[in-house]
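The values are calculated or read from the model by the stated rules, or taken from the named source; none is laboratory data. Note that this is a predicted model, so its numbers are computed, not measured. Counting neighbours? That spans all protein chains shown, and the Cβs are built from the backbone with ideal geometry, glycine included.
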Amino acid sequence: MSPIRILLVDDHAVVRSGLSKFLLVNKDLELAGEAADGNEAIQMAAACHPDVILMDVLMPGMDGISATREIHRKYPQIKILALTSFSEQNMVQGALQAGAIGYLQKNVSAVELGNAIRSAYIGRMILSPEAAEVLANSVTQAHLPGNELTERELDVLRCMVQGMNNNEIAQKLVVSLGTVKFHISNIFQKMGADSRVQAVKIAIEQKMV
């Protein structure tokens, strides 16, 4: 298989340098290019056709959330991972609403970052524990406009927001795997979602989080 091509976006050269060295020791990952701000990120996304972008959130000029929104609109096939030092609710929600498939802290380990890139590449949402906690703590509404989720469905949704898989949800809620799948199917139907990523994003956009 061809290596996963990565675009690094960060206004600090030392951060980009460190990430570049990290990519060199992973044979399945490849540096496609670098950008120092949001505007340059948009230009580089068009020029180097990355598979995954590691996007800083706070940068001078165009910020990472604005750049994520524009790149996702133009090139929806590119997976964008927010990689930042901050986990404020508005930043986490803003990045995901803009089209990011994940939100990571810069204190993530090399192994975790590599796995996150690979997961993003195949379309799986990735959240740092801090970001997951921010979203989980903000789930306060038990219904969507015109479609009410049951209390148990809301419990399952909270677990989904935290990035748990079906087995982990079953263990946490002390129910069978089949029951979890049944609840998730109902959640998808009520929310009009066709994937876990979309369900989490809809929950955020509808101010359930």
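Against the definition (over 20 Å from ILE6 (Cβ atoms) and surrounded by fewer than 23 Cβ atoms within 10 Å (Cβ to Cβ)), how does PRO129 come out, yes or no? Walk me through it before giving the result.
Values: over 20 Å from ILE6 (Cβ atoms): yes; surrounded by fewer than 23 Cβ atoms within 10 Å (Cβ to Cβ): yes.
Judged against the criteria, PRO129 is a match.
Just need a number here: residues in the stretch 152-189 that are of a type in the set (Lys, Arg) and either within 14 Å of the chain's Cα centre (by Cα) or buried (at least 19 other Cβ atoms within 10 Å of the Cβ) (or both). Explain how you work it out, then say what you get.
Filtering the stretch 152-189 for residues of a type in the set (Lys, Arg) gives 152, 158, 172, 181.
Checking the rest, the ones that are also either within 14 Å of the chain's Cα centre (by Cα) or buried (at least 19 other Cβ atoms within 10 Å of the Cβ) (or both) come to 158.
Counting residues in the stretch 152-189 that are of a type in the set (Lys, Arg) and either within 14 Å of the chain's Cα centre (by Cα) or buried (at least 19 other Cβ atoms within 10 Å of the Cβ) (or both) gives 1.
Being farther than 20 Å from LEU104 by Cα and acidic (Asp, Glu) narrows it down to one residue among GLU40, GLU30, GLU34; which is it?
Details: GLU30 fails: farther than 20 Å from LEU104 by Cα; GLU34 fails: farther than 20 Å from LEU104 by Cα.
From the options GLU40, GLU30, GLU34, the qualifying one is GLU40.
Which residue pairs have Cβ atoms under 7 Å apart, sit 6 or more places apart or on different chains, and have a first residue in the stretch 34-59 that is in contact (Cβ under 8 Å) with a residue 12 or more places away in the chain and a second that is in a helix (DSSP H, G or I) and of a type in the set (D, E, K, R)?
GLU34/ARG16; ILE42/GLU70
Just to verify a result, which residue in the stretch 52-87, among those that are within 24 Å of ALA132 (Cα to Cα) and among the acidic types (Asp, Glu), is modelled with the lowest pLDDT?
ASP63
Filter the stretch 95-136 for residues that are assigned to a helix (DSSP H, G or I), more than 18 Å from PRO50 (Cβ to Cβ) and of a type in the set (A, V, I, L, M, F, W, C) and give the result.
Matches in the stretch 95-136: LEU96, ALA110, VAL111, ALA131, ALA132, VAL134, LEU135, ALA136.
Filter the stretch 157-183 down to the residues that are β-branched (Val, Ile, Thr) and within 20 Å of ASN137 (Cα to Cα), then identify the one that is modelled with the highest pLDDT. Break it down into steps so the answer makes sense when it comes.
At the first step, the residues of the stretch 157-183 found to be β-branched (Val, Ile, Thr) are 161, 169, 174-175, 179-180.
Subsequent filtering for residues that are within 20 Å of ASN137 (Cα to Cα) retains 161, 169.
Details: VAL161: 86, ILE169: 93.
Ranking the qualifying residues of the stretch 157-183, first place goes to ILE169.
Over 25 Å from GLU30 (Cβ atoms) and either in contact (Cβ under 8 Å) with a residue 12 or more places away in the chain or assigned by TED's automatic domain parsing to the domain that holds LEU24 (or both): is that true of ALA95 in this structure?
Numbers: over 25 Å from GLU30 (Cβ atoms): no; either in contact (Cβ under 8 Å) with a residue 12 or more places away in the chain or assigned by TED's automatic domain parsing to the domain that holds LEU24 (or both): yes.
So ALA95 fails the test.
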